[in-house]
Each structure stands twice: as C-alpha cells, then as structure tokens.
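Beneath this line is the structure, given in structure tokens, with notes to follow.
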Amino acid sequence: MSIEPANADNISPTTPIVVKAANGKLLDVTVTSAKGKAVAGKVATDGLSWTNTDVLGYGGTYKIVAHAQGTDGKSIEKDGQVTTLSPTKQANANLIPAPSAVKSSGVGVGQPIVFSFGVAVKDKAAVEKALNVESSPKQDGSWYWMDDKNVHYRPKVYWQPGTTLTVTAKIYGVDFGNGVFGAEDRTETYKVHDSWIAKADGNTEQMQIFHNGSMVKSMPISMGKDATPTHLGAHVISDKQANYTMDSCTYGVCPPDPKAYRSNEKFSQRISNDGEFVHENPNSVGQQGSSNVSHGCINLNAANAEWFFQNFGLGDVVEVTNSGGPQLPVWDLYGDWSKSWTDWQKGSAL
C-alpha cells in the first residue's frame, strides 16, 4: 500500500492525496485536519485507490490513516502526514463589471471581461492558464495584461447579441509569485443583450444610433473642442448616472488650471476614465450639430440625452471618428478595442 504524497511539507492544497493498494483492496481511508475535521474522499470503482474530494486548506496539517486487506487476507495499516503551504498573501479574482450589477440588464457587445487581483501578479502565465471565458455561441477571444494586477478578455470582434459568457477563475492553490497564491475559485455568468452601437462623427457633428445593425436614430452632437478633443476609437460605456457631478480634478486637472471644470450634468454615461461622457448639456445646444465646444464629452440636447440614457448601458459602444483627438489608449478603462486583434493577442502571457 502506498500514500502519495507521504510525509510531505509545504505542498499545494490542490495536490491530491492518493492512497493505493498494490495487492489486495482498500478497506478504509481517513484524512483529518489538526482540528479533527475529516476530509472527504472517494474510492475508485475497482477498490484499489482513494483520492480526496474535499480541497485542503492553506497552512494545515493533515493526518492520513489507511487500512487495506492483502490477497492473503491479512489487514495492513499505513499512516502518513502532509502539511500545506502558507501564502504570504492571498489574491481574490475580482470581476469587472460586477456580475450583480448586470444580472438583470446584461452587458453590451463591446464589454471586456476584467479580472482585477488587487496584488501584483509575477507569474502571469500560471494565472492566465487558470482563467477561462467560454462563449455560447463560440467566439474567438484572448487575454491582455493591462498591468501587473489587471487582465482583460475580449473577443476578436464585438460579441454576438444573445451570447452567454461563462467566466471561470480556478486560481485556488495557483502560485502568483512572490509568496502570493489564489484565494478561491470563482465562476460567474454574463448575458450579452442586443447590440447598441453609436457612431459619433466630428465631421458631420451627428451621432448615428444602430440597434442590431440597423440605424434607428441620428442626433446632433458637440464633441471636445480643439484644446480638449474627444479621443478617437471605440469607447465602451462603464457607468451611467441620471445625475452626476463632473469634476476635472478626478483625473488631475484642478483649479487654477484653465482646463479645470466642475458641473452637474444629467443622463451621463461614462465612456472613458479621462473624463469623457455622453450627457445632456443645455449650454451647448446651439453648437450641437455644428461645432465642438466640450471638454471632451459628447453633448446632447435634453430629449436625445434621455433617449440615449434609456437605451444604452454598460458594455454598449460609442465609436468616435474625425474628432481631432488622439486614439483612446488601451489602458484607459475599456480602451481594449484600440488594439488590432494581432496586437491584442500579444498582450497574453501564454
């Protein structure tokens, strides 16, 4: 009879304890923690091996006692003990957007799936291997590490409306490096709702609205003025507030800087972390459809802003062209679509 691992220290809690009977059959196996709690396990159908089904904890000591009966009818006992490793830190797989926030509404076709770990990940390849996004219907996708703590997943092209996304992080026991290990596994499901894409054009000063590929509305707009142009490219809505105080200090532009501002706006939907929103602005109605006068936001009149607020939400897309601004950076919240598919795949650790 054998026990693997036997009398081992500092093992991963996900390492299975396997007891085998070479000649004869197993009678019983008990694995107990230092506090006397039993660890459940299962005997193979042939009766020759046992493996734990409960996962071991971090920093624990487990005593193993196994009994078998040999082919000669004699009983055999074998003992063992293992100790699991104690992480310096544990990392949680925090999901963005929070599943609870989009449970009823679903997400838009542009929504990346984000894991934020809160601590630096040294071994990105090991962690990425433990992450998975399964799309139904099947669509190509890949991970991209924005920095040492955040990894994003997006498809090659926008998600198909109606897609179900099953997101899994099997990080428990995974070594992140520098003494950090995964805290617990996690599985969540997202649903992709209808396709809502707005196309804001700085040449025409119009924003065309497409629902599932068909244009349903066009709105006059005013985008960022020359000093504060709206970023180019696909923006993804990350937040929406019926009433919101916009303060340039939130991204480092504070008085007495002439670019500083603070104002209360209605029907605001964030499209970048650089202070860009789609929102109502009664002060620019005269310029909407003819010139750009904002601090980078896309301004609408009251009726259009309310309609946009009612129909667009998290994960929906606003594509900006001819704004005179630079490309939205990949690291700016959901700048994921600024990268070509080839360049996006290069951001994977695998």
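The values are calculated or read from the model by the stated rules, or taken from the named source; none is laboratory data. Here the structure is a predicted model, which means the values were calculated and not measured. All Cβ positions, even for glycine, are placed from backbone atoms using ideal geometry, and neighbour counts span all protein chains on display. Accessible surface is based on the protein model in full, side chains and every heavy atom, while ligands, DNA and RNA are left aside. Shrake-Rupley method; radii C 1.70, N 1.55, O 1.52, S 1.80 Å.
Could you look at the stretch 86-164 and say what percent of its accessible area is carbon and sulfur, using a 1.4 Å probe and all protein chains?
The C+S portion of the solvent-accessible surface of the stretch 86-164 is 45 percent.
Pick out which of 85, 300, 328 has the largest mean-square fluctuation in a Gaussian network model of the chain, springs linking Cα atoms closer than 10 Å.
Comparing 85, 300, 328 in the GNM, the peak value goes to 85.
Rounded to the nearest 10 Å², what accessible area does residue 134 show when all protein chains are kept and the probe is 1.4 Å?
Around 110 Å² of this residue is reachable by solvent.
Over the Cα atoms, compute the radius of gyration (one decimal) and Dmax (the largest Cα-Cα distance, rounded to a whole number) for the chain, in Å.
Over the chain's Cα set, Rg and Dmax evaluate to 27.5, 98 Å.
At a temperature of 10 °C and a viscosity of 1.306 mPa s, determine how fast the stretch 216-264 diffuses translationally according to Stokes-Einstein, using the Kirkwood radius over alpha-carbon pairs as Rh; express D in µm²/s, rounded to the nearest whole number.
It comes out at roughly 118 µm²/s.
Would you mind computing Rg(Cα) / (2.2 N^0.38 Å) for the stretch 110-170, counting N as its residues?
Here the Cα radius of gyration is 1.13 times the empirical estimate.
Please give the per residue accessible area of the chain, computed with a probe of 1.4 Å over protein heavy atoms only, in Å².
For the chain, the solvent-accessible area averages 47 Å² per residue.
For the chain, modelled as a GNM with alpha-carbon contacts under 10 angstrom, which of 264, 281, 322 fluctuates the most?
264
What value, in deg cm²/dmol to 500, does the helix sum -39500 (n - 2.57) over DSSP H runs of n ≥ 4 give at 222 nm once divided by the residues of the chain?
Computed ellipticity for the chain at 222 nm equals -1500 deg cm²/dmol.
Tilt of helix 302-311 relative to the longest C-alpha principal axis of the chain, in degrees (0 to 90, nearest 10)?
Taking Cα atoms only, the helix is inclined about 20 degrees.
Working from the pairwise distances between different alpha carbons, so that the mean of 1/r is found and then inverted, what is the stretch 83-201's Kirkwood radius in Å?
After inverting the mean inverse Cα-Cα distance, the result is 15.1 Å.
Can you give me the relative contact order of the stretch 6-104 as a percent, contacts being Cα pairs under 8 Å and 6 or more apart?
32 percent
Taking the Cα centre of the chain as origin and charging only Cβ (+1 Lys, Arg; -1 Asp, Glu), how large is the dipole, in debye to the nearest 20?
600 debye
What per residue convex hull volume, in Å³, comes out for the stretch 140-281 when only alpha-carbon positions are used?
174 Å³
How would you rank 267-277, 203-213, highest first, on the average number of other Cβ atoms within 10 Å across their residues?
Averaged packing, sorted descending, gives the order 267-277, 203-213.
Report residue 240's accessible area, 1.4 Å probe, all protein chains in place, as a number in Å² to the nearest 10.
Accessible area, nearest 10 Å²: 60 Å².
Of the cross-linked pairs 35/149; 25/129; 138/266; 138/199; 138/339; 42/122, which ones have a Cα-Cα span greater than 30 Å in the structure shown?
Listed pairs above 30 Å: 35/149; 25/129; 138/266; 42/122.
Work out Dmax and Rg for the stretch 287-350 from the C-alpha atoms and quote the Rg first, both in angstrom.
So, for the stretch 287-350, Rg and Dmax equal 15.4, 49 Å respectively.
Taking springs between alpha-carbon atoms closer than 10 angstrom, which of 145, 196, 307 fluctuates most in the Gaussian network model of the chain?
The residue that fluctuates most here is 307.
Can you give me the three principal axis dimensions of the stretch 200-315 from its C-alpha atoms, in Å, biggest first?
45, 28, 25 Å, listed from the longest principal axis down.
Just the number, please: carbon plus sulfur as a percent of the accessible area of the stretch 2-58, 1.4 Å probe, no ligands or DNA/RNA counted.
Result for the stretch 2-58: 51 percent of the exposed heavy-atom area is carbon or sulfur.
Check the cysteines of the chain one by one and keep only those with no other cysteine Cβ under 4.7 Å from their own.
Flagged as lacking a Cys partner: 297.
Given the protein chains as shown and a 1.4 Å probe, how many square angstrom of residue 62 are accessible, to the nearest 10?
That residue has around 20 Å² of solvent-accessible surface.
Mean 1/r over all different Cα pairs, inverted: what Kirkwood radius does the stretch 146-214 give, in Å?
15.8 Å
Convex hull over the Cα atoms of the stretch 1-153, averaged projected area in nm²?
13.0 nm²
Mind listing the phi-derived Karplus ³J(HN,Hα) values for the stretch 64-76, rounded to whole Hz, using 6.51, -1.76 and 1.60 with θ = phi - 60°, and x for any glycine or proline?
So the Karplus estimates, Gly and Pro as x, are 10, 10, 10, 10, 9, 10, x, 5, 8, x, 7, 7, 10 Hz.
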